[in-house]
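The values are calculated or read from the model by the stated rules, or taken from the named source; none is laboratory data. Quick caveat: nothing in here was measured; it's all calculated off a predicted structure. As a convention, Cβ positions derive from the backbone with ideal geometry for all residues, glycine included, and neighbour counts pool all protein chains shown.
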Amino acid sequence: MKEPVLTRRGFVTGALVTAAGVSFTLSLAGCKDRTKLPDDGEPGVELLSWVVIHPDNSVTLRVPQTEIGQGVSTTIPQMLAEELELDWSTLKSEFYDPAVNAARENVYVWTAVLSSHSAQTLFEPTQRAGAQVRTMLIRAAASRLKVPEVELEAIKGSIRHKPSGKELSYASVAEAAAKMPVPDPKVVKLKEVGDRQLVGKPIPRRDVDAAIRGKIVYGIDFELPGMRFAAVRQSPTFGGKLRSVDKGSIKGMPGNPEVVKIKGAKVGYNAPVPEGEDPDIWAAPVTMDDAVAVVADSWWQAKTALDALAIEWDAGPHAKFSSQEYMKTLAKQARGDAPVVVEAGDARSALAKAVKTLSAEYSYPYMDPAPLEPINCSAYVDGGEVHLWTNSQFPDDAWHIAHSLCGVSPDKAHVHILPAGGGFGRRLQNDFVHQAVQIALACKGTPVKLLLTREECVRKSYYAPITAARFEAGLDGAGNVTVWTCSVASGTSAEQSYGETRFPFQPPNVRFAYKRNPDSPLPFGWMRGVGFTQHLWMNFGFLDELRLLTGRDVPEFYRSLLDPSYIPADLEDREIAVARVKNHLKLFDFAIEKGRWHAPKGRGRGRGLAVGDTSYYPSYPSSTKAAIVDVSFDEKAGLRVDHVFLAVDAGTVINPDIVHAQLEGGIAYALTTALHSEITVENGQVQQSNFHDYPILKLDQMPAVTIEILPSTEPPASIGEDAVPVTIAALVNAIADAGGPRLRSLPIAKILAN
Amino acid sequence: MLEIEVNGTKHRLEVDPAVPLLWVLRDSIGLKGTKFGCGAGLCGACTVHVDGAAVRSCAYSVGQAVGSKITSIEGLGESGEHPVQAAWREAGVPQCGYCQPGMIMAAAALLKNNPSPSDDEIAQGVTNICRCGTYNRIRKAIRSAAENGRAGR
């Protein structure tokens, strides 16, 4: 049994309890008078790391991920409270503590906001934790009342003795419950699906009221007395070095500006990597360049001084880098001998035997995920401790950076998670944490908040990788696809999610090749939809080009390729692969019917269809989704996206309203990606800087949306990223169907304008 | 020293008149509901009302605001009772929520001038950016606030 530990929040942890209701005010050695850190604790008894019961019988649930808009502050409490039998209207939540997660061997299971892993990974553990705590509370009440456990039931924060009607609040038995042996999570009884009160219900988000009143405290809003503010300029070229900075150039400016040099560094990796695995497969290295910060009494003063600061940079080895030239190199590599990663059948001889063959080249530019809240992080270093206030999507890594960079023991690093104004992958790279800690180390005893301008965010982001692909395929005399090959070359990326062409369809002969080109100076970053965003639309674009050669009907042609008999007999996890194809077929038929594929189209209208999952390998869990996109196209009036239909099979849905919201938002994200997003580089520098030249979809371009969720009792699957790839894939074919151009590169708005 | 009136309260501030109103609201007065998104008047996260008109406060100096009545999200409806906020709550608009104070301020100003906007007028009148893509719920909430006929008050 673990020793009780008094955490900074003042909760008594572990299964032992010394004193419930103990109050603990956070105080720090060496802390100056003007810096009073907030005491974020409330007295209570902690049960199994997930639940804290307070003396007033209110309950706090731990949310083991950062809220970035995906709704975890609602969905995770829904899952926990379902088995715990809480009064939904009075429950509270707080974000997990990465130090606790590390000390308790990853008790929160999956804490990075990555790869749509909230419901799908946490549903089972949170249900079991809720049921364990409920069982412990019932046992404590049974012992108190001296009645058998079976005569007790948990209802809305109380244990009720059924025969007598007597009730005990959770708070009154919490201390005793914490001393009970912890029930085996595998044997605790979970509710029947039909008995669920919270899971599956469209409960309003818990943060709606605060959001519409401007009361959510995002990372950017956090402030402490005596805080100073940092504006940052990073090397304008990637890999550039700071040569010199003239501190005299800002002397006497308002706000007592001081200059802090930030050293470029290898920050770490941008995803959790399982022990013994190759980090370059699972993630990508996060590097950051030299930078200069100006720290002042207000951020505007810091920014103004930074703008006036004379800085000299050594442009470094990539001073001549051009993304246009680099794309040519990648296209050449895609045409050449990229290493084969997947092969089934004999592609070479099938191509030789084909009655008709077709080849085409596709490409995808660099992109910045561009969450709306600019990158920021607050840090405080003093007295052998470090505190961070951050909305990183990877707080465990932020915590690691904090204690290793400050050279303090891990328990002296405290990460306080705050909500984010969007993330979309950008905040998985903790460069801003590294920078904020470096600044705080230079300003010991003073809390500092780093905040980047939008320009800095766009020019020094972590980018979706630039990619070139070459397809070649063959048809037999009856218009059947006999062979499909695709060769891809891309800049630095995480190989697992970008390396293979993602495609649900399975012609008899297949060859995929992938070359990861290491010469991109732009650092790789995650972006909503990851590699699927790139590959799915290219695949569906080329597939449609091929279909047009055959004259076959879209659903019939696609369905003919969703044929499990083509899956190689010796494929590892073949059964799962076959099940995947069947899932695709089921959802495909559901979408054709519900999405009214066969409804008449007007003149100048086009319709496109795509189906896919976001599974890296057969056993990787994923939802299945299909999109039908309707557009109007006219040479003069241009393109209008009229309607997007989305069907999804995501297993058990925790909160249908949040699922709808995520899919609606994913459609908007897809349209921005397809229509507008492109980062270009010339002379080693990003040419875009703000929303005028890196535009985001606005209300006037948002189409009508219809969403259908396939009813299911299977475990929950991914949702957050899922709308993006299929929407783009259906969109490019809808444009061609409407008489528009065949699009083989992005962004569409730029291509149509030329 | 200059004086501005925000949400009915007068503030005397030692501040350079060239500082954008956004930073004065957020940092001098402590009203953090108004958000920074772009600093160039492009995204609208910083939208407030100056004498009833929607203004992008990141590209509007505090000096320009002297003598005007400024309303921020905190002053629109303190407990979220403004009809536009009520419609937002009903439609479950926010995801990350970051753009929503600016969106609500833009929508409230639109409805004040035009209590029954057409869909085109909504699209032309609300040009703020929502990166989460809540636009259809925004449109629905504006329509519903307009239909309820309560927003123009």
Of the residues in the stretch B:77-93, those that are under 15 Å from the mean Cα position of the chain (by Cα), facing another protein chain (nearest Cβ under 8 Å) and at negative phi come to B:GLY77, B:GLU78, B:GLN85, B:TRP88
A:SER677 fails exactly one of (1) touching a Leu at 6+ places or on another chain (Cβ under 8 Å); (2) within 14 Å of chain B (Cβ to nearest Cβ); (3) outside any loop (DSSP other than H, G, I, E, B), namely (3)
**Request:** Take B:ASP27 and decide whether it is of a type in the set (D, E, K, R), at pLDDT 95 or above and not in a loop (DSSP other than H, G, I, E, B).
**Result:** yes
With criteria (1) of a type outside the set (Asp, Glu); (2) at pLDDT below 90; (3) more than 32 Å from the chain's Cα centre (by Cα), A:PHE11 comes up short on (3)
Per the list (1) in contact with a Leu (Cβ under 8 Å, 6 or more places away or on another chain); (2) over 21 Å from A:MET227 (Cα atoms); (3) more than 14 Å from chain B (Cβ to nearest Cβ), residue check on A:GLY421 breaks on (3)
Residue pairs qualifying under the 8 Å Cβ cut-off, at least six apart or on distinct chains, with the first in the stretch A:336-354 being loosely packed, with under 13 Cβ neighbours inside 10 Å and the second being in a helix (DSSP H, G or I), are none
Turns out the helices (runs of 4 or more DSSP H) fully within the stretch A:424-498 with at least 1 residues that are farther than 14 Å from A:PHE524 by Cα and away from chain B (no Cβ under 14 Å) are A:431-442
Exactly one of A:LYS201, A:LYS215, A:LYS303, A:LYS261 is in a strand (DSSP E or B) and not hydrophobic (A, V, I, L, M, F, W, C), and that one is A:LYS261
Checklist entry - Taking the condition among the hydroxyl-bearing types (Ser, Thr, Tyr), out of contact with any helix residue (DSSP H, G or I) (no Cβ under 6 Å at 6 or more places or on another chain) and surrounded by fewer than 24 Cβ atoms within 10 Å (Cβ to Cβ), does A:SER89 pass? => result yes
Within the stretch B:72-100, the residues that are touching a residue at least 40 places away in the same chain (Cβ under 8 Å) and either in a helix (DSSP H, G or I) or more than 19 Å from A:ALA210 (Cβ to Cβ) (or both) are B:ILE73, B:GLU74, B:GLY75, B:PRO83, B:VAL84, B:ALA86, B:ALA87, B:TRP88, B:GLU90, B:ALA91
Item checked: Residue in the stretch A:103-110 that is touching a helix residue (DSSP H, G or I) at 6+ places or on another chain (Cβ under 8 Å), buried (at least 21 other Cβ atoms within 10 Å of the Cβ), touching a residue at least 24 places away in the same chain (Cβ under 8 Å) and assigned to a helix (DSSP H, G or I) present -> no
The residue that is surrounded by the most Cβ atoms within 10 Å (Cβ to Cβ), considering only those in the stretch A:721-742 that are in a loop (DSSP other than H, G, I, E, B) and in contact with a helix residue (DSSP H, G or I) (Cβ under 9 Å, 6 or more places away or on another chain), is A:ASP722
Considering the stretch A:166-210, residues that are surrounded by 16 or more Cβ atoms within 10 Å (Cβ to Cβ) and of a type in the set (S, T, N, Q), and then whichever is nearest to B:GLY92 (Cα to Cα), we arrive at A:SER169
Only one of A:SER745, A:SER712, A:SER718 is surrounded by 18 or more Cβ atoms within 10 Å (Cβ to Cβ) and over 14 Å from A:GLY608 (Cα atoms), namely A:SER718
Looking across the stretch A:218-252 at residues that are in a helix (DSSP H, G or I) and within 14 Å of another protein chain (Cβ to nearest Cβ), the single one that is nearest to the chain's Cα centre (by Cα) is A:GLY219
Checked against (1) touching a Phe, Trp or Tyr at 6+ places or on another chain (Cβ under 7 Å); (2) farther than 30 Å from A:GLN197 by Cβ, A:ALA647 satisfies every condition except (2)
**Check on A:LEU388, farther than 30 Å from A:ASN517 by Cβ, modelled with pLDDT of 95 or more and part of a loop (DSSP other than H, G, I, E, B)** = no
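Has the stretch A:692-708 got any residue that is more than 14 Å from chain B (Cβ to nearest Cβ), touching a Lys or Arg at 6+ places or on another chain (Cβ under 7 Å), in contact (Cβ under 8 Å) with a residue 60 or more places away in the chain and in a loop (DSSP other than H, G, I, E, B)?
no
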Filtering the stretch A:626-652 down to residues that are surrounded by fewer than 24 Cβ atoms within 10 Å (Cβ to Cβ), of a type in the set (Gly, Ala, Ser) and within 20 Å of A:ARG742 (Cβ to Cβ) yields A:SER632, A:ALA637, A:GLY638
Over the stretch B:94-108, the set of residues at the interface with chain A (Cβ under 7 Å from one of its Cβ atoms) and within 13 Å of the chain's Cα centre (by Cα) is B:TYR98, B:CYS99, B:GLN100, B:PRO101, B:ILE104
Those residues of the stretch A:51-94 which are in contact with an Asp or Glu (Cβ under 9 Å, 6 or more places away or on another chain), within 30 Å of A:ARG528 (Cα to Cα) and either of a type in the set (D, E, K, R) or within 14 Å of another protein chain (Cβ to nearest Cβ) (or both) amount to A:ARG62, A:GLU67, A:GLY71, A:SER73, A:THR74, A:LYS92, A:GLU94
Can A:SER164 be described as part of a loop (DSSP other than H, G, I, E, B), without any contact (Cβ under 8 Å) to a residue 24 or more places away in the chain and not basic (Lys, Arg)? yes
Taking the stretch A:573-600 and keeping residues of a type in the set (D, E, K, R) and touching a residue at least 40 places away in the same chain (Cβ under 8 Å) leaves A:ASP573, A:ARG574, A:ARG580, A:LYS586, A:LYS594, A:ARG596
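Matching residues to (1) in a loop (DSSP other than H, G, I, E, B); (2) closer than 20 Å to A:GLU67 by Cβ; (3) small (Gly, Ala, Ser):
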residue	(1), (2), (3)
B:GLY102	no, yes, yes
B:ALA106	no, no, yes
B:LEU110	no, no, no
B:SER116	yes, no, yes
B:ILE122	no, no, no
B:ASN128	yes, no, no
B:ARG137	no, yes, no
Yes or no: A:VAL273 in the same structural domain as A:ARG426 (by TED's automatic domain parsing) and in contact with a strand residue (DSSP E or B) (Cβ under 6 Å, 6 or more places away or on another chain)? no
| Does A:ASP657 satisfy being free of Cβ contacts under 8 Å to residues at least 24 places away in the same chain and either not in a strand (DSSP E or B) or not assigned by TED's automatic domain parsing to the domain that holds A:THR624 (or both)? | no
